[in-house]
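See structure below.
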Amino acid sequence: MTALAAIRDAPGLESYLDELEERLQKTVATHPGVVAAVGADALAAGGKRLRPMLVFLSSSPEDPAPLAAGAAVELIHMATLVHDDLIDGAQFRRGRAAAWAAYGPETARAAGDYLFARAFAELTGAGEPADVALLAEATLCLARGEALQRRQTRDPDTTVESYLERCELKTAKLFEAACILGSRRSDPRLGSFGLALGVAFQITDDILDCTGDGLETGKIAGVDLREGTPTLPLLLAAREDDVVRRALAGGPLDGALVRVAATSALTRARATALDYARRARGCLDGQLHRDGLEALADLVVHRHS
């Protein structure tokens, strides 16, 4: 059985995801207008719905997965994609024109804000103030991670530790929140699982950006090097190759991505991603959906195959 099949085999997951899609469409359409139309386009672009899966797989049959939490974490994720594309000037997302390219920067900014608002409306409607506070903290971490990335841009001397901190803030904190919300705070180990899984996911995304697999990341490959974003494979390659170092610092890009592959950077970065996936699996003793969560940890770091 493949990793994805093992995940999909979890009893009740398919119906949960079907209900989730209906919930997302309904909440995005709550206030008709241009920002709702942009949100609907972002929703139609699809995605793995990985964060709602974490909500479901962290729950138990005695206390079914909260649909509002699944919708909320996915809406936060969608909002960050809309805003990230605007900030980065990315023209395309998952083979479609980015929201800012199709509708203009101001509309895209407003649409991202709208998606954030709908996410918190979902949780507020569920009547759990502690959940709203948790998601607010995770969203603040996303903003802090984006600010940290801006400060690190075109700095090949960024430390690996600072890069990993950025991964936790920009990606892993929302994974952590999804697991905590799904489990209704019943087991702190699930939050630790989500945090480690999120770092593994981000490192793998950064590797895929270097190897050219844009289908998995939803972006055109090589964006990180062109924009001077110091990811783990680029930082490690810059320590071995002066051409890569100069390119990451804003110099000529010609041949630099090929030279990344000629270093040990991709292998070393992949080893780090696998280590974080192992850490995630180590948090799962006795969990109800352990098989599905373990399969998810495998899927996150083997997306290239």
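The values are calculated or read from the model by the stated rules, or taken from the named source; none is laboratory data. Please read all numbers here as calculations on a predicted model, not as lab measurements. Reconstructed Cβ throughout: ideal geometry from the backbone, glycine too, with neighbour counts over all protein chains shown. Ligands, DNA and RNA are excluded from the accessible area calculation, which covers all protein heavy atoms including side chains. Shrake-Rupley method; radii C 1.70, N 1.55, O 1.52, S 1.80 Å.
Residues that are open to solvent by 60 Å² or more (accessible area, probe 1.4 Å), under 19 Å from Gly212 (Cβ atoms) and assigned to a loop (DSSP other than H, G, I, E, B) are absent from the range 231-248.
The residue of the range 276-293 that is nearest to Thr231 (Cα to Cα), among those that are over 17 Å from the mean Cα position of the chain (by Cα) and open to solvent by less than 50 Å² (accessible area, probe 1.4 Å), is Cys283. Within the range 204-219, can one find any residue that is among the basic types (Lys, Arg) and out of contact with any strand residue (DSSP E or B) (no Cβ under 8 Å at 6 or more places or on another chain)? For the range 204-219, residues among the basic types (Lys, Arg) and out of contact with any strand residue (DSSP E or B) (no Cβ under 8 Å at 6 or more places or on another chain): absent.
None of Ala196, Ala177, Ala130, Ala200 is assigned to a helix (DSSP H, G or I), in contact (Cβ under 8 Å) with a residue 40 or more places away in the chain, out of contact with any helix residue (DSSP H, G or I) (no Cβ under 9 Å at 6 or more places or on another chain) and among the hydrophobic types (A, V, I, L, M, F, W, C) except Ala130.
Within the range 76-111, if we keep just the residues that are without any contact (Cβ under 8 Å) to a residue 24 or more places away in the chain and part of a helix (DSSP H, G or I), the residue that is least open to solvent (accessible area, probe 1.4 Å) turns out to be Asp85. Taking the numbered list (1) in a helix (DSSP H, G or I); (2) more than 30 Å from Ala238 (Cα to Cα); (3) open to solvent by 40 Å² or more (accessible area, probe 1.4 Å) in turn, Tyr114 passes all entries but (3). One residue stands out among those in the range 117-127 that are touching a residue at least 60 places away in the same chain (Cβ under 8 Å) and not small (Gly, Ala, Ser): the one that is most open to solvent (accessible area, probe 1.4 Å), which is Arg118. Of all the numbered requirements in (1) more than 30 Å from Ala256 (Cβ to Cβ); (2) open to solvent by less than 60 Å² (accessible area, probe 1.4 Å); (3) of a type in the set (A, V, I, L, M, F, W, C), Leu140 misses one, and that requirement is (2). Within the range 22-53, being open to solvent by 50 Å² or more (accessible area, probe 1.4 Å), within 22 Å of Ala126 (Cα to Cα) and touching a residue at least 12 places away in the same chain (Cβ under 8 Å) holds for Arg23, Gln25, Thr30, His31. Quick check, is Thr171 hydroxyl-bearing (Ser, Thr, Tyr), at pLDDT 95 or above and either under 15 Å from the mean Cα position of the chain (by Cα) or more than 26 Å from Pro52 (Cα to Cα) (or both)? Yes, satisfied. Of everything listed in (1) open to solvent by 40 Å² or more (accessible area, probe 1.4 Å); (2) closer than 21 Å to Asp241 by Cβ; (3) free of Cβ contacts under 8 Å to residues at least 40 places away in the same chain, the single unmet condition for Glu161 is (2). Within the range 144-166, the set of residues being of a type in the set (D, E, K, R) and assigned to a loop (DSSP other than H, G, I, E, B) comprises Arg154, Asp155, Asp157. Take Ala172 and tell me if it is in contact with a helix residue (DSSP H, G or I) (Cβ under 8 Å, 6 or more places away or on another chain), assigned to a helix (DSSP H, G or I) and closer than 23 Å to Asp254 by Cα. It is false that Ala172 is in contact with a helix residue (DSSP H, G or I) (Cβ under 8 Å, 6 or more places away or on another chain), assigned to a helix (DSSP H, G or I) and closer than 23 Å to Asp254 by Cα. Residues that are assigned to a helix (DSSP H, G or I), among the β-branched types (Val, Ile, Thr) and open to solvent by 10 Å² or more (accessible area, probe 1.4 Å) are absent from the range 54-75. Residue count for the range 37-55, restricted to those that are in contact with a helix residue (DSSP H, G or I) (Cβ under 6 Å, 6 or more places away or on another chain) and farther than 30 Å from Asp291 by Cα: 4. When Asp187 is tested against the conditions (1) open to solvent by less than 40 Å² (accessible area, probe 1.4 Å); (2) free of Cβ contacts under 8 Å to residues at least 40 places away in the same chain; (3) charged (D, E, K, R), the lone failure is (2).
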